[in-house]
Every structure is written in structure tokens, then in C-alpha cells.
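Report on the following structure.
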Amino acid sequence: MVPEPAALAASHRLIDGFLDALWLERGARPNTRAGYGSDLRQFAACLAENNKALTDAHEADIQQWIARGARQTVARTQARRVSALRQFYQWRLREDGSAMDPTVSLKAPRLGRRLPRSLSEDEIERLLDAPDTNTPLGLRDRAMFELMYASGLRVTELVELSLPRLDLQRGLVQVLGKGGKERLVPMGEWASDWVTRYLRQARPLWVARGQVDVVFCSQRGEAMTRQNAWLRIKQHAVRAGIGSALSPHMLRHAFATHLLNHGADLRSLQSLLGHADLSTTQIYTHVAQARLQQLHARHHPRA
């Protein structure tokens, strides 16, 4: 094995320390830490080509690396890279007062407001009906989809949901969201019924093979991964004839949009979604308005 260059090894030690701090100080989720870690290691490898460590970087080095990647990455990836570098060097500055911050003048690319793709109520019904609930897998998938749509859970929140956080008697779910923030969300009768059926009829067939306390598990009795849950959604969406481009948040977006369409207010929606900032929730007003404009154009005699 070729020994790691000293500059790169030093950079990797700093990156590990920064990622630990992200978790300890801010409760950053594994996905965030993984993305930032990947960006910083790529930048460190680029610097190591000139025998430089992260502590040796200047603004010109960063600008050159960002520009090189701009030809191959989308604006959001570039913005994440800028964020990773900024937060790393700000942490470094706090750790070592004599350190320099080469990102002071760094500007992230402007991101246009990207409206989330939502599903119509008819599409949601088709998706919910797609799993074959006569099979244990189909029953699990139906329960997952019902809960996500009823409570607006992220895919990560769904697969990490543990049994003690489920209150089927009162129809409530205690969600552990981004940054370790908790919220209490109603799940409604439909989702409660399907989750109860799954827990009684399907989960016991698998969980004896492995000891986990998560609500939704695989056939091996292990906790499901985000990728597996998302794959199940995509497969059933195809079966339901929903062929448009979908995102892992499709059920969460539908939850938010349909609540607004039926009269929910933004503050309540913010609480249900677990958004720290109301401006994040406001994007759904644009989705709802777009839907209303389509209805107006289709049905109003003078549209």
C-alpha cells in the first residue's frame, strides 16, 4: 500500500475533528456529515497534489477548486461545497485563534427557488393502493406510505422511528428530526389502523430473526435503510402508473401541499413539518398557488 502523503494525512485528521464537532456541537445528521466530509476530502486531495494541507489553503486555491468542479456539478452541489469549506475554516478559527479563514470573501452560487414536486390526491390514492397487502412486505409498505403521508415524515425519520415513539392509542408519533429536534405529529385513523395491522401481522414474522426496536424493519429483522425505503416507494410508484420524476420527499411534499389546499395555516404546517424557519415552509404556498391557478384555468369560464 502506498503511504499517504503527510499533507493529506494531516488534512484528514482535521476533517475528522471537524465532523466530530459538527455532531457534538450542532447535532448534524449523518447525511450532512458524510456530504461535508466527502467535499473536504476531495479538496484536501486536490491540495495534496501541490503538497499542501487544508491549513495551507488560500482563497485562490478554493476558487480554483470550485471553478474546476463547476463544469461537472449542479449549483446545489457547489453551494454545499462552499458551505462545507466555510464551516470548516470557521471551526478551525475557533479552535486556533491564529488560523486564517480563506473563505471570508467566498460567495456561494445563487440558487433559484426550486418548487418541490408534489402528487395530486388521486396519485396519492393510487400509490397507497399499490402494495399487495395480502403479503407481509406489501402490508409493511402500505403502513409506511400511510404514515409518511399522514404525518409528513422524511424518509430518514421513517426508518429511524422506534416503537416507543409510536402512540397508536392516541394516534400520535414522536418524531426525531434534523438536529435532534423532536416534534409530536398526529397520524390519523387510517395510518394508525395500517400500522397496527403491520405490527400484528407482518413485523413479528421478521423481528424474531434480529432484535431491533425500529418500527419498520426488513425481512431479515434489521432496520431498513433510507435507500431501501426509497426503492420501495419508486417501485410502487411505477406500479401505480406515476411516471413523473419523483423525489424521496414526494409523500412529505404531498402532505404539506394537500394540507394547505384544504385550509391549513402556515404556522401549523411549520410545526408539523419541523421547520426551524417559516420561510422554509412558505415554499409550499407557491405549490398550492400553482395548483389553484391550474384549477382556475381549467374550470373558470373566463380563464
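The values are calculated or read from the model by the stated rules, or taken from the named source; none is laboratory data. The structure presented is a predicted model; accordingly, all values stated were derived computationally and were not measured. Reconstructed Cβ throughout: ideal geometry from the backbone, glycine too, with neighbour counts over all protein chains shown.
Out of all the residues in the stretch 132-166, which are in contact with a Pro (Cβ under 8 Å, 6 or more places away or on another chain), under 11 Å from Y198 (Cα atoms) and of a type in the set (G, A, S)?
Listed by number, the list holds a single entry, G138.
Condition (residue is at pLDDT below 85 and in contact with a Gly (Cβ under 7 Å, 6 or more places away or on another chain)) applied to the stretch 20-40: is it met by at least one residue?
The answer is yes; a qualifying residue exists.
Working only within the stretch 206-233, note down all residues that are of a type in the set (G, A, S), more than 19 Å from A130 (Cβ to Cβ) and in contact (Cβ under 8 Å) with a residue 40 or more places away in the chain.
A223 - this is the single residue of the stretch 206-233 that is of a type in the set (G, A, S), more than 19 Å from A130 (Cβ to Cβ) and in contact (Cβ under 8 Å) with a residue 40 or more places away in the chain.
For the list (1) polar (S, T, N, Q); (2) surrounded by 14 or more Cβ atoms within 10 Å (Cβ to Cβ); (3) within 17 Å of P131 (Cα to Cα), I need the number of the one condition that Q174 fails.
Every listed condition holds for Q174 apart from (3).
How many residues, within the stretch 190-222, are modelled with pLDDT under 90 and aliphatic (A, V, I, L, M)?
3
With respect to A6, is the statement that it is aliphatic (A, V, I, L, M) and over 21 Å from P102 (Cα atoms) true?
yes
Quick check on D193: is it surrounded by 13 or more Cβ atoms within 10 Å (Cβ to Cβ), closer than 21 Å to L163 by Cα and charged (D, E, K, R)?
yes
Taking the stretch 124-147 only, how many residues are buried (at least 16 other Cβ atoms within 10 Å of the Cβ), more than 16 Å from A202 (Cβ to Cβ) and at pLDDT 90 or above?
4
Sort through R183, R92 and tell me the only one that's of a type in the set (K, R) and assigned to a helix (DSSP H, G or I).
Step by step, each of R183, R92 is checked, and only R92 is of a type in the set (K, R) and assigned to a helix (DSSP H, G or I).
When you scan the stretch 246-286 for helices (runs of 4 or more DSSP H) that lie fully inside it, which ones turn up with 2 or more residues that are within 15 Å of the chain's Cα centre (by Cα) and modelled with pLDDT of 75 or more?
Counting at least 2 such residues, we get 250-261.
Within the stretch 49-69, how many residues are assigned to a helix (DSSP H, G or I), in contact with a Ser or Thr (Cβ under 7 Å, 6 or more places away or on another chain) and hydrophobic (A, V, I, L, M, F, W, C)?
Total meeting the criteria: 2.
Among the residues of the stretch 198-225, how many are in a helix (DSSP H, G or I) and buried (at least 16 other Cβ atoms within 10 Å of the Cβ)?
Summing the residues that are in a helix (DSSP H, G or I) and buried (at least 16 other Cβ atoms within 10 Å of the Cβ) in the stretch 198-225 gives 5.
Among the residues of the stretch 194-214, which ones are touching a helix residue (DSSP H, G or I) at 6+ places or on another chain (Cβ under 6 Å) and of a type in the set (V, I, T)?
The one that is touching a helix residue (DSSP H, G or I) at 6+ places or on another chain (Cβ under 6 Å) and of a type in the set (V, I, T): V195.
Which residues, counting only those in the stretch 140-180, are in contact with a His (Cβ under 8 Å, 6 or more places away or on another chain) and in a helix (DSSP H, G or I)?
Listed by number, the residues that qualify are D141, F145, V155.
Please state which one of S38, S11 is among the hydroxyl-bearing types (S, T, Y), closer than 14 Å to R80 by Cβ, assigned to a helix (DSSP H, G or I) and not assigned by TED's automatic domain parsing to the domain that holds G177.
Being among the hydroxyl-bearing types (S, T, Y), closer than 14 Å to R80 by Cβ, assigned to a helix (DSSP H, G or I) and not assigned by TED's automatic domain parsing to the domain that holds G177 holds for just one of S38, S11, which is S38.
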